[in-house]
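The values are calculated or read from the model by the stated rules, or taken from the named source; none is laboratory data. Values in this document were obtained by computation on a predicted structure and should not be read as measured data. Cβ placement follows ideal geometry from the backbone for every residue including glycine, while neighbour counts extend to all protein chains displayed. Side chains included, ligands, DNA and RNA excluded: accessible areas come from the protein's heavy atoms. Shrake-Rupley method; radii C 1.70, N 1.55, O 1.52, S 1.80 Å.
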Amino acid sequence: MTNFDIKITRTDAPKAKPADTSKLGFGKIFTDHMFMMDWNSEKGWYNARIVPFENLSIHPASTVLHYGSEIFEGLKAYRRADGQVQLFRPIENIRRMNRSAERLCLPEIPEDIALHVLKTFVDLEKDWTPDADGTSLYLRPFMYGNDESLGVHAVHNATYAIIASPVGSYYPEGINPVKIMIEDQDVRAVRGGTGYAKCGGNYAASNRAGERAAKQGYSQVLWLDGVERKYIEEVGAMNVMFKIDGKIVTPMLSGSILPGITRMSCIAVLKDKGFEVEERLLSIDELAEALENGKLEEAWGCGTAAVVSPIGELCYKGVKYPVNNGEIGATTQMLYDTLTGIQWGKIEDTFGWTESL
Ligand SMILES: *Cc1c(COP(=O)(O)O)cnc(C)c1O
């Protein structure tokens, strides 16, 4: 797709790039430009542009401010050892964004156009991709309903934007297993709701449980299903996998779970290495039993930010269960090494997942 015009206005005041890439943190500084385009139910997508990074001006009655019409994506550009910058499975993010859009009655973007604008934007900002170990350029595409009226109805005007932020290593001090609280009060999503869509509203609704867990020293919550509070769903902003008695078990995509691209990639790597992977319902009782009889060998979360995050302790109804003595297990480590190896171009990408600009 090359005949989709993007008007580029370069900044005349480029910012200094961070000198110390060990202190980048996550999503705190932004590059010089941003991509934007608008949509109207009559005109379709129009006014695609790359402009200097700046605050948005938004009507006080804008749909997103009142009714939460917002979706987003998260992916990274990685600098390889040879200096080239590459993306990891960007088409999967685009497909997921369109599924999120469909759920929230926001407009979809044709895949070829979405990929073209993403690559054009990243190409312009690629010098912001840091090169220290574990660092990357985090890309945040997002879309919001932008009608200037308070009526409740499907969106007639929307805006799509992409911003980029150089981010530090998720594990500046080496991989540390995290402590996870199993949430038995709040639920994140229900079947028929928006659990499978990557939308801001899901996050707003999950903050309370996250805060409660944090107060007790837990880094994230593990969600149970919204109907019976019995089946494992996912961890905070990550999908979750368990190694039980030699087999890998991960909750199936039931509609209330976010279909992670890291999840999908972990499953492919595991199968490629000969593991048996079961995507199915996993009840908290089955998990507790596996914890008690020592069959739970490993547990980890997986998502773009951390790639793979080993779980060292699970807490359920006040009872603390250590997992693998609080250490990272061999399978978790293998997944981390394989995925990060492919993403940063350190090992051969036999899956064809990476995409140069
Ligand atoms: C984004 C996200 C994930 C992970 O998805 P990836 O594509 O692997 O980054 C998992 N759960 C939730 C709730 C998310 O928002």
Charge context of Gly260, other residues only, Cβ under 15 angstrom, K/R +1, D/E -1:
+3
Set of aspartates and glutamates with alpha-carbon distance to Lys15 below 14 Å, sequence-local pairs under 8 removed
Asp32, Glu54, Glu125, Asp127
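Using every Cα-Cα pair within segment 148-244, state what percent have a distance larger than 18 Å.
When all Cα pairs of segment 148-244 are counted, 61 percent exceed 18 Å.
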Of every hundred units of 1.4 Å-probe accessible area on the chain, the number belonging to carbon and sulfur atoms, as a percent, is 48 percent
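What accessible area per residue, rounded to a whole number of Å², is obtained for segment 178-343 using a probe radius of 1.4 Å?
40 Å²
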Pairs over 28 Å Cα to Cα, from Lys247/Lys320; Lys119/Lys179; Lys43/Lys76; Lys271/Lys346; Lys76/Lys295; Lys28/Lys320, come to Lys119/Lys179; Lys43/Lys76; Lys76/Lys295; Lys28/Lys320
Pairing the Cα long axis of helix 330-343 with the longest principal axis of the chain, what angle in degrees results, from 0 to 90 and rounded to the nearest 10?
20 degrees
By how many degrees, 0 to 90 and rounded to 10, does the Cα axis of helix 200-215 deviate from the longest principal axis of the chain?
40 degrees
Let me understand segment 203-308 better: what is its radius of gyration from the alpha carbons, and its Dmax, in angstrom?
13.8, 40
Per residue, the convex hull enclosing the Cα atoms of the chain spans a volume in Å³ of 143 Å³
In degrees from 0 to 90, rounded to the nearest 10, what is the angle of the helix 261-272 Cα long axis to the longest principal axis of the chain?
50 degrees
1/(1 + (r/R0)^6) with r = Cβ-Cβ of Glu102 and Leu65, R0 = 22 Å, i.e. FRET efficiency to nearest 0.05, evaluates to 0.50
With runs of 4+ DSSP H residues as the only contributors, calculate the mean residue ellipticity of the chain at 222 nm using -39,500 (n - 2.57) per run, divided by the residue total and rounded to the nearest 500.
-7500 deg cm²/dmol
Comparing Ser256, Ser57, Ser169 in a Gaussian network model of the chain (Cα, 10 Å), the one with the largest mean-square fluctuation is Ser57
Test of the criteria: in segment 1-83, which GluC sites (Glu not before Pro) are in a DSSP loop and have at most 13 other Cβ atoms within 10 angstrom of their Cβ?
Glu42, Glu54
For every other residue with a beta carbon closer than 14 angstrom to the beta carbon of Pro52, add +1 if it is Lys or Arg and -1 if Asp or Glu, then tell me the sum.
0
Percent of C-alpha pairs per 5 Å bin, segment 7-168, short to long:
2, 9, 18, 20, 19, 15, 10, 5, 2, 1, 0
Using only the alpha carbons of segment 284-337, determine the length spanned along each of the three principal axes and report them from longest to shortest in whole angstroms.
31, 19, 18
May I ask you to derive the FRET efficiency for Val319 and Ile29 from their Cβ-Cβ distance with R0 = 41 Å, giving the value to the nearest 0.05?
0.50
Rounded to the nearest 0.05, FRET efficiency between Lys15 and Gln84 (Cβ-Cβ, R0 25 Å) equals 0.60
Quick check: convex hull of the Cα atoms in segment 239-357, volume per residue, rounded to a whole Å³?
116 Å³
